[in-house]
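Below: one structure, written as structure tokens.
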Amino acid sequence: MPNQPVSAWRRFIDGIVDATMMTVVAGLSLLILVYVGLGEATRTYQDFQVEKLVAQGRVMQSTMEAYLRPGLTMKNFAGFNALSDRIRASDPAIAAIGAFDRQGNSVFSNGDRNVGLMPRALDAPAEGKDQKDGFELRIDDRYLQVILPLRDRFEVVGTLAISMPRSTVAERVDTSFHRLVVIACATAFAFGVFVAIGGPRFHGKSRRWLTIGYTIAFVGMSGSVIVTLVNLYSEGAQSKTRALAALLGQRLNSIVQSGLNITEIHGLDRVFAEYKRLNPNIKAVALSVDGIVRVHTEPKYVGRPWVVDGSTFEYHVPLTRPGGRDIRISVALPVDVIYGQITRSVKDFTALFVASAFMANLFLQLAGTLRGARRRPGGQQNDYMPTQEERDLNRVKPVFFVGVFVEHLTYSFLSQHLHQVAAGSALSQIAAAALFMSYYVFFAGSLIPAGYLAQRFGSRLVMLAGLSLSAAGLGLLAVSSGFVPVLVARALSGIGQGILFIAVQSFILAVASRERRTQAAGIIVFGFQGGMISGMAMGSLLVTKMGTFGVFSLAAAIAAAMSIYVSAFVPSAARQSAIASEPSLRLRDITGVLRSGEFMRTILLVGVPAKAILTGVIIFAMPLLMSNVGYPPEDIGQILMVYAAGVLLASGGISRLVDRSGRTEQVLMAGAVLSGAGMIIIGLVDQSVLLENPHANLVMTILLIVGAAVVGAAHGCINAPVVTHVANAEVSARIGETTVTATYRFLERIGHILGPIVVGQAFIVGGQRPAVIGILGGVVVILGLVFAIRPAEPRRPPAPKGALS
């Protein structure tokens, strides 16, 4: 018994360490959520402010162009100061308003004279705005500047520039998010206390309470972020109409204050109609005196009492003189417009929210791994005692996720960066394509050699090499923009990602027992889909804060940090007897794989078509078709996320089903047929377009979402089970699982290449129509049925329960 106080002391220390670790993990997760919310709020609130500036500028643009059309010169326009004074008085956030000739020389200026005409940022189109909306947005470190063209009857003779400090947006958003930081820290601390109180009870089967508590903290924090976003977006969506009402009030206030009878001023109906024309979202503009409408954009309401309309937001600007009659300007904006803008803005946050959830899950997995590594033997009966297999699989889960994450962290801007590198080197667009394709060429070329390296040196060493090469490639992109260094960087990243992929897969095959192999292969599916979604969403946010080279550096640092994790926690090759005992990878072994009827049947009828659908339909055709019918980029990205969600949701359940039943062939057949069915659903969009009714767009969107979800679920039936299927084939017993699976992974890349080629040729023949996708879907269904009816060669019997592969 003398050791009992020591044991109690150790348990106390373990509890404190666990609580501290979980506080840090929860804090990181919640602060990342707050950060992405802050970034999205800043971007969207800035867009609302830009819309407001455009609306104010168009009022002035309309007045100046009416003067310029008869051929008069801009410098003789006498009303600039009076009109710009009214705009600045109605909106103190405006720093300067200026008019400039075609050469960019200042003609008029009101406000901060240090704010001139900003140069167009040709090297940063992501911050610009396409002039299809009739304006251009220019941004520097201090100001937002809206540029509107000034035209006479024949041409553009100058520009009107309205500038606002960026600090106006930052201060308003920061004010709302400061309290969220406090809430996040308090929630993380409360979660740490929860873990400390629970102590050893949060192990074994009771560990789910730890996950439940973590989920409650994350969801609660998400609710706080969303409420803050809704409040900000509501304010921003109404700011334009509120500013227009104030501007109109400024314009008419001088008449009222001078004592004139405003109802006797002719032309007010035309002024109100012009305001409504310049801002089509406005439902009505009215002037009322003592509650009776005197001027209205809808003449039928003149002479009636002003009645509050529950379907609109109303903004009233009083013009009443002291002791005078109640005179006010009223501007009505439909509630649907405000709610529509808020809904769309919150919906655009979805991708970032999902990315934050994936990151939170990753942090929890890492914490679980570290807690498991610290468990001492001889603990209490309910202490967490996972099997060696569970510990090893849990330790490798974050590795592939992070590997995919760091690569896709750059994808939101990588293509543009590579084109700029090629242009800066005075090379053709073919050179830009070479930079882009070099990654995929070296990725595919590294797969089979990586299988040999995994057999010869062990998976952990190959993982370290893959992460190191990825870090080197990303680091080289951060320090050099020359053509040759960038080409080398993309090649290093391709090799690194390829051998990391095979190393993780080989590790899983070696560690997982036969009855859990498909679930273990789901680590690859989750890592790829989750890492891709998280990386692209986070990268698109971070690049606006850190710039391209900053994101490259961050990605390289994360890859390097993960290599340290692999060194510390992933088991060495000594534990992977299954891998070490396999024969070396030889050319005749690969030839033997290709001679297997079962292998070729699987790769040609299921594997290659699945990858071709991913690249040809999901990545290539759907964005093109949706863009053609007017879907904005954010909606396209969100519908494509439905595909990834379908893969993830289906993969877990299907993997468990396959491991219990061993019926891989039936599951693969179902996946192939469902893939074709999903494509046929997408093809029905052609029919929805022909439905000439108000709900055609809704029907089209539903078909696209359902089609993407069905294809995603179908691929969830293929991605992990197909690895088990080829690993259990008779050829794997003769040649080795690593050789067979590495060969499969290499050959299925043919589908990645063929997908865009086949779909592109089909579009040339049948036109860029969804019906073409439906026809190709019918072909995929036939391939799935052929896979089902053709007899298979003998397969290895399932291993006894608990047996390691």
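A few remarks follow.
- For the stretch 312-325, filtering for residues that are part of a loop (DSSP other than H, G, I, E, B) and open to solvent by 60 Å² or more (accessible area, probe 1.4 Å) leaves 4.
- Residue in the stretch 603-611 that is over 20 Å from Leu747 (Cβ atoms) and either open to solvent by less than 20 Å² (accessible area, probe 1.4 Å) or at pLDDT below 80 (or both) present: no
- The residues of the stretch 262-297 that are without any contact (Cβ under 8 Å) to a residue 24 or more places away in the chain and open to solvent by less than 70 Å² (accessible area, probe 1.4 Å), listed by number, are Ile265, Gly267, Val271, Lys276, Ile292, Val293.
- Residue count, the stretch 168-183 (criterion: among the hydroxyl-bearing types (Ser, Thr, Tyr) and touching a residue at least 12 places away in the same chain (Cβ under 8 Å)): 2
- Contacts under 7 angstrom Cβ, first residue in the stretch 401-422 being farther than 13 Å from Met536 by Cα and among the β-branched types (Val, Ile, Thr), partner at pLDDT 80 or above and part of a helix (DSSP H, G or I), 6 or more apart: Val421/Phe483; Val421/Val486
- Yes/no for Ala677 being open to solvent by 20 Å² or more (accessible area, probe 1.4 Å), in contact with a helix residue (DSSP H, G or I) (Cβ under 7 Å, 6 or more places away or on another chain) and under 26 Å from Val354 (Cα atoms): no
- Selected residue (criterion: surrounded by the most Cβ atoms within 10 Å (Cβ to Cβ)) from residues of the stretch 623-634 that are closer than 13 Å to Thr701 by Cα and free of Cβ contacts under 8 Å to residues at least 12 places away in the same chain: Tyr631
- Residue match in the stretch 690-697 (condition: over 18 Å from Gln505 (Cα atoms), surrounded by fewer than 24 Cβ atoms within 10 Å (Cβ to Cβ) and modelled with pLDDT of 85 or more): no
- Residue match in the stretch 317-324 (condition: at pLDDT 80 or above and small (Gly, Ala, Ser)): no
- Of the residues making up the stretch 649-669, those that are open to solvent by 40 Å² or more (accessible area, probe 1.4 Å) and assigned to a helix (DSSP H, G or I) are Leu649, Arg656, Leu657, Arg660, Ser661, Glu665, Gln666, Met669.
- Unique match (being at pLDDT 80 or above and either at negative phi or touching a helix residue (DSSP H, G or I) at 6+ places or on another chain (Cβ under 9 Å) (or both)) among Phe313, Phe349: Phe313
- Boolean, Gly451 is touching a Phe, Trp or Tyr at 6+ places or on another chain (Cβ under 7 Å) and either of a type in the set (Ser, Thr, Tyr) or surrounded by 18 or more Cβ atoms within 10 Å (Cβ to Cβ) (or both): no
- Summed over the stretch 76-125, the residues that are surrounded by fewer than 16 Cβ atoms within 10 Å (Cβ to Cβ) and farther than 17 Å from Pro149 by Cβ give a count of 16.
- Restricting attention to the stretch 755-776, the residues that are part of a helix (DSSP H, G or I), touching a residue at least 40 places away in the same chain (Cβ under 8 Å) and closer than 21 Å to Val629 by Cα total 11.
- Applying the criterion of being open to solvent by 10 Å² or more (accessible area, probe 1.4 Å) and more than 18 Å from Phe501 (Cβ to Cβ) to the residues of the stretch 405-416, the residue that is modelled with the highest pLDDT is Phe413.
- Scanning the stretch 140-156 for residues that are part of a strand (DSSP E or B) and open to solvent by 30 Å² or more (accessible area, probe 1.4 Å) returns Arg151, Val156.
- Of all the residues in the stretch 430-476, those that are modelled with pLDDT under 90 and either outside any helix (DSSP H, G or I) or within 30 Å of the chain's Cα centre (by Cα) (or both) number 19.
- Pairs, first touching a residue at least 24 places away in the same chain (Cβ under 8 Å) and within 30 Å of Phe401 (Cα to Cα) in the stretch 328-356, second charged (D, E, K, R) and open to solvent by 40 Å² or more (accessible area, probe 1.4 Å), C-beta under 6 Å, six or more apart: Asp348/Glu634
- Matching residues, the stretch 60-75, being open to solvent by 10 Å² or more (accessible area, probe 1.4 Å) and in a helix (DSSP H, G or I): Gln61, Ser62, Thr63, Glu65, Ala66, Tyr67, Met74, Lys75
The values are calculated or read from the model by the stated rules, or taken from the named source; none is laboratory data. Keep in mind the model is a prediction, meaning the values are calculated, not measured. Here the Cβ is made from the backbone with ideal geometry for all residues, glycine too, and neighbour counts use every protein chain on show. In case anyone asks, the SASA skips ligands and DNA or RNA and just uses the protein heavy atoms, side chains included. Shrake-Rupley method; radii C 1.70, N 1.55, O 1.52, S 1.80 Å.
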